[in-house]
Amino acid sequence: MGLERIHGRAGTLFPDPDRGREAHALRAEQVRFFEEHGYVRGGAVLDRSQIDALREGLEAIRTGRNPRTDELYEIDEDYRRAPEANVFHSTLDPGAPD
């Protein structure tokens, strides 16, 4: 089955977004700061293993080592032809987020 048929998590590199949400909630002082200044400093989004995995996956695409690299053009072309009917994403690696 191709990844284009998966409409959900396709790997385990990234945690389930519905778990541990409260750990990422803004504290009251962060909300006040945001209301006053219009921004809030966020924390780390990815850990080192996620960054490394994404770098390796992108390098495989860039150098043509990913066996599905040639499919990227087709996904992009479908989006360019009819953006209202296609979501542009390049899930060439099951570990990468969609």
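The values are calculated or read from the model by the stated rules, or taken from the named source; none is laboratory data. Fair warning: this is a prediction, and the values are worked out from it, not measured in the lab. As a convention, Cβ positions derive from the backbone with ideal geometry for all residues, glycine included, and neighbour counts pool all protein chains shown.
For region 1-59, the set of residues classified as modelled with pLDDT under 85, surrounded by 10 or more Cβ atoms within 10 Å (Cβ to Cβ) and not in a helix (DSSP H, G or I) consists of ILE6, ARG9, ALA10, GLY11, PHE14, PRO15, PRO17, listed by residue number.
Hey, can you tell me all the residues within region 60-70 that are touching a helix residue (DSSP H, G or I) at 6+ places or on another chain (Cβ under 9 Å) and outside any loop (DSSP other than H, G, I, E, B)? Once the filter is applied, which keeps residues that are touching a helix residue (DSSP H, G or I) at 6+ places or on another chain (Cβ under 9 Å) and outside any loop (DSSP other than H, G, I, E, B), region 60-70 yields only ILE61.
In region 60-77, which residues are modelled with pLDDT under 70 and farther than 28 Å from ASP16 by Cβ? If the condition is that a residue be modelled with pLDDT under 70 and farther than 28 Å from ASP16 by Cβ, then TYR73, GLU74, ASP76, GLU77 are the ones that fit.
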